[in-house]
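What follows is one structure encoded as structure tokens, with my remarks underneath.
Throughout, read-outs are computed from the coordinates displayed, never taken from laboratory work. Only a predicted model underlies this, so the values are computations on that prediction, with no experimental measurement involved. Glycine also receives a Cβ, built like all others from the backbone with ideal geometry; neighbour counts cover every protein chain displayed.
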Amino acid sequence: MKIIKHFWSYLVMVGLIFLLHNPIGPLPPLGRLFSPFEGFLQNTTNKSTLTDSELNLEGVKDEVKVIFDENQVPHIFAKNEDDLYFTQGYVMAKDRIWQMEFYTLVASGRLTEVVGEKALEFDRYNRRLGMARAAAKIAENLKTDSISSRILTAYAKGVNTYISQIDYKNLPVEYKLLGYKPAEWTPYKTILMLMNMRSTLNGGSDDFRITNVVDQFGFETVKDLFPDYPVEESPIIPVGTKWDFSPLPVKTPTKIMSGADDDKLIVKIPSPAPEIGSNNWAIGGSKSSTGLPILSNDPHLGLTLPSIWYQMQLSCPTVNVYGVALPGCPGIVIGFNKDIAWGVTNVGSDVMDFYKIRFNNAEKTHYMHNDKWIPTTKYIEQYRLKSGLVIKDTLIYTHHGPVVYNESKTTNFNKNTPAGHAMRWIALETTGSDLMIFHLLNRAKNYDDYREALTHYTAPAQNFIFASNQNDIAITPNGKFPLKWKEQGKYILDGSMPEHDWQGWIPMEQNPTVKNPPRGFVSSANQFSTDPTYPYYLGWKFAPSSRGIRINERLTAMTNANADSLRSLQNDNFNVSARRILPTLLTYLESSKEASLAPAIDIMKKWDLVNGPDAVGATIYEAWTTELGNWIWDDEFPSKQFLLHPSEDRTFEMIKKESTAKWFDNTNTKDKVETISEIINGSFKATIDSLTLHNGPMNPETWAWAKIKNTSIGHLGKIGSFSRTGIMNGGGKGIVNATTASTGPSWRMVVELDKEWPRGYGLYPGGQSGNVGSKYYDNMVDKWAAGKLDTLVFMKTVDEKSAKLTRTMTIKPKNK
Amino acid sequence: MLYLMILIIGGIASYFGPWWIIAPVALALCWWKAKTPKEAYLTASAATVTLWIGYATFLNATADVNLIDKIAELFTGGVGFLAKVPKIAFVFTIMTLIATAIGGFAGMSGVQMRRYFK
């Protein structure tokens, strides 16, 4: 009893410390987190955190200077390449380690380990895609590539040096909230980060949705409604460009898709995201005021904080380059050096195909291919939950790739054997090193260097745009493209037929390309790479042509242009789709007898077709065309039942030229046949009703496009208060300024090439720091929303003076 | 005197040590100086609260970004009754509760344990 009397308070204290030092359920360790000495308040920053500093680190061979400019962009000056990439890893980790690690957890399907069971389905999906296994193989292969492995190792060493220095106090606040610590960085993790990009840019498919349409309506309808080339298009390689090579032969089998199914195919593979696109263009000297090329690039991605990009300058005796890097990856991905500039947009060719697999038994030990039973490979996947619980899942591989979707139902293949769908996906190709293309572009001096660099790239295929101070401009949809028969992979393929396997690869030198075209510019906006004269099949569906059409119109008209002309085009809000269809739609609205709709119709008539921030017309147009699409198609092709809708291009063509098409009838109303006029008027009324319901009666302020669109930049870990919402800007999907609710230009760059020294302009919607407690977390957002660019500081030498340079970090080798 | 000693020695120790280091400091000093468990509890908790809130106020005042608001919003979800509480008050209340309990029980146990051994 005496002991209890004297020790109870001690036990209470120890118990409290224990409880507050460890996470309880979803709650972070509260004592640690709220202690001002160790917790989140230690993540605040002020002027004193940004002063000159000197470090002694074991990893460097020679002195390295890192000079930070007013945006906290590091300009690294090293004396050799190993030190350069070591320092790149070190400073990137210092600003972005949580984000770097987060991407690798996503790609490898390990999010459950830090956030728990709620991520299980997401993890399972990512594991089924097989990215981690492919990344491990690539990392292994790269060991034999001396340049890549040297860079990756130096970079990882830099990251790890930083990780070894951080104590709890200095951990990014996300680690404190989720209660874990950064683990060792390896070259494999860099590859995982690249896998993430492959998945973002090439990881969607409509194969299931269109196969369902074939099953229900037949090939004739699909041919009519889902054509392989749009009516209005302005392809990347200008029409008329000659193909001066003899193409490899490709044989088309008689059967082009797997057998029809009893039920609709229901899978959770997302559709390719049309808003995840990008713009780039370069004008030649004939169009610029300087007589030399100007290049522009704005990759559109999901808008996140921390930003997907990290600006930096990398300089050592063998290279001096400025641009943006991906957190977790060495080198510069989009940028410029003294002589050249380059950029990328996504190609979006069909590089993810699905094969229906016939297994021999419920254990799926063998599958049919070429009339033989081939053994499957099985892997046991283990998911470690935050609670320590381990969940297991079996992943089955065929020679096509992983079986991403196991269906339990029996099918037409054989009523008694289970079926599944295996995926052949470019992202799982393990040959080559995507890092080498960037390594070579960072150092390229001319067009020939650019062409050489291109051969070192696999996926995700990109439209690599190029400009040099020798007055060359070029663009190449580039990457590994599977050699396919026409429409191969448009529908679900038959996994038992060897003719349905990918037939090989399009030889890299036969990838579409154009240099110095007569029109004086090159450009891309994810539209079709070429017109149908290109001898190979790349895919039947690309991003809608509207951005490409607008860019090409404006560049055609442009003369005597400067960097600001290209900046203004990046911010172009003109709505090409509306120009195409609105006049036709308005003629049907003329007959409207609804007096309540008159003000809205009036707004549409007066709208200047610009998706400006204040435009009520844009608000109505965007909502209406979506609604109209559903009114026309969703009765026959319900998207909830995984049927694909025809494209906007096809829909508009039907509205304009086939006004009596049977598709206008709403098949859900049994005793009535709707006309095109009823559908257009009905959908317009529904749009206005819905907008009124959600935003109150029509009013220029509450219905302003920027208000309704509500562009937001969400925190990567979905922490609301770490995000930015309600950004006021124009644009939209299909607009050159492709800013939607959650996607948009993730980096805008314009480079004026010069014989002496180039002038770069750029900015991204975020900030260099990944720390929400720093003002450099989102300091570029407002300027980005206003469509402005910063003048980039591309230093010639380490001694260069500029008022924009704020502090220097000197790294010296540690004396052992 | 005891209050000041906990504040100063505890402050220095907290700056370098783990967040709970204030507990052994308060325990030891109260063992040495405090007369009754009640006095120890009140003095140690007051000193710990002063230290935490004081340092937090300093960090918050000199910071470029108001991180307190963002963390508060994360916990309150920005809706309901808690969202109406001023964010800084919400965060400081949590800090005060933790500091009172840790510091207070540490100080109190110093006196109680001394009595056991004497």
Interchain or sequence-distant (5+) residues whose placed amide H lies within less than 5 Å of the amide H of residue A:463 are A:345, A:346, A:347, A:478
Long-range amide H partners of residue A:279, meaning residues 5 or more apart or on another chain whose placed amide H is closer than 5 Å, are A:298, A:300
Checking the range B:1-76 for trypsin sites (Lys or Arg not before Pro) in a loop per DSSP with at most 14 other beta-carbon atoms within 10 Å yields B:35
In whole angstrom, the spacing between the Cα centers of the range A:570-593 and the range A:517-564 equals 23 Å
Scalar couplings 3J(HN,Hα) for the range A:201-212 by Karplus 6.51 cos²θ - 1.76 cosθ + 1.60 (θ = phi - 60°), nearest whole Hz, x for Gly and Pro, are 8, 10, x, x, 7, 10, 3, 5, 5, 7, 4, 4
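Do any trypsin sites (Lys or Arg not before Pro) in the range A:618-706 lie in a DSSP loop with no more than 11 other beta carbon atoms within 10 Å, and if so, which? Intermediate values should be presented prior to the final figure.
On the way: sites: A:640, A:650, A:656, A:657, A:662, A:670, A:672, A:685; in loops: A:670, A:672.
Here the trypsin sites (Lys or Arg not before Pro) that fit, given the DSSP loop and packing criteria, are A:670, A:672.
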Treating only Lys and Arg (+1) and Asp and Glu (-1) as charged, each at its beta carbon, one finds that the protein assembly as shown has a dipole about its Cα centre, in Debye to the nearest 20, of 3400 debye
The longest stretch of chain A containing none of the GluC sites (Glu not before Pro) that sit in a DSSP loop with at most 11 other Cβ atoms within 10 Å is A:185-589
dims of the range B:2-117, Cα set, principal axes, largest to smallest, nearest Å -> 51, 29, 19
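Compute, for the range B:2-117, the length of the dipole vector about the Cα centre, with Cβ point charges of +1 (Lys, Arg) and -1 (Asp, Glu) only. Units Debye, rounded to 20.
On the way: 8 positive and 4 negative charges, 95 e Å.
Here the size comes out at about 460 debye.
From Cα pairs below 8 angstrom and at least 6 apart in sequence, can you work out the relative contact order of the range B:2-117, rounded to a whole percent?
Values: 145 pairs, mean separation 49.3, N = 116.
Once divided by the residue count of the range B:2-117, the mean separation gives 43 percent.
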Computed over chain B: longest principal axis from alpha-carbon atoms vs helix B:67-76 long axis, angle to nearest 10 degrees, is 90 degrees
Amide H neighbours of residue A:493 at under 5 Å, excluding residues fewer than 5 places away on the same chain, with H built from the backbone geometry, are A:258, A:354, A:355, A:356
Here the relative contact order (percent) of chain A, from C-alpha pairs under 8 Å and at least 6 apart, is 20 percent
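Just in the range A:562-598: which trypsin sites (Lys or Arg not before Pro) are loop by DSSP and have at most 11 other Cβ atoms within 10 Å?
Working: sites: A:567, A:579, A:580, A:593; in loops: A:593.
Within the range A:562-598, the qualifying trypsin sites (Lys or Arg not before Pro) (loop, at most 11 other Cβ atoms within 10 Å) are A:593.
With a ≥ b ≥ c taken as the square roots of the eigenvalues of the C-alpha gyration tensor of chain A, please select rounded if a/c is under 1.5 and otherwise prolate if a/b is larger than b/c or oblate if it is not? Present the calculation step by step, with values, prior to reporting the outcome.
Details: a/c = 1.36, a/b = 1.23, b/c = 1.11.
Rounded shape, in that the Cα axes give a/c under 1.5.
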The distance between the Cα centres of the range A:638-700 and the range A:492-509, in whole Å, is 39 Å
Extension length gain for residue A:53 and residue A:584 (0.36 nm per residue less Cα distance), in nm, is 184.6 nm
Residue-ordered couplings for the range B:7-21, obtained by feeding phi - 60° into the Karplus form 6.51 cos²θ - 1.76 cosθ + 1.60 and rounding to whole Hz (Gly and Pro as x), are 4, 6, 5, x, x, 5, 4, 5, 5, 9, x, x, 4, 8, 4
Both in Å, the radius of gyration and Dmax of the C-alpha trace of the range A:1-145 are 22.8, 72
For residue B:87, counting only lysines whose alpha-carbon sits under 16 Å away and dropping same-chain residues fewer than eight positions off, the answer is B:70
When the charge dipole of the protein assembly as shown is computed with +1 on Lys and Arg Cβ and -1 on Asp and Glu Cβ about the Cα centre, the Cα farthest towards its positive end, among A:200, A:102, A:403, belongs to A:102
Per the charge dipole of the protein assembly as shown (beta-carbon charges, Lys/Arg positive, Asp/Glu negative, Cα centre), the residue among B:18, A:457, B:86 reaching farthest to the positive end is B:18
Longest principal axis of chain B (C-alpha) makes with the long axis of helix B:22-33 (C-alpha) an angle, in degrees to the nearest 10, of 30 degrees
Over 18 Å (Cα to Cα) among A:392/A:718; A:251/A:490; A:490/A:541; A:189/A:480 -> A:392/A:718; A:189/A:480
Whole-Hz Karplus couplings 3J(HN,Hα) for the range A:244-254, θ = phi - 60° and coefficients 6.51, -1.76, 1.60, Gly and Pro as x, run 9, 8, 9, x, 5, x, 10, 9, 8, x, 6
When the charge dipole of the range A:549-638 is computed with +1 on Lys and Arg Cβ and -1 on Asp and Glu Cβ about the Cα centre, the Cα farthest towards its positive end, among A:555, A:585, A:625, belongs to A:555
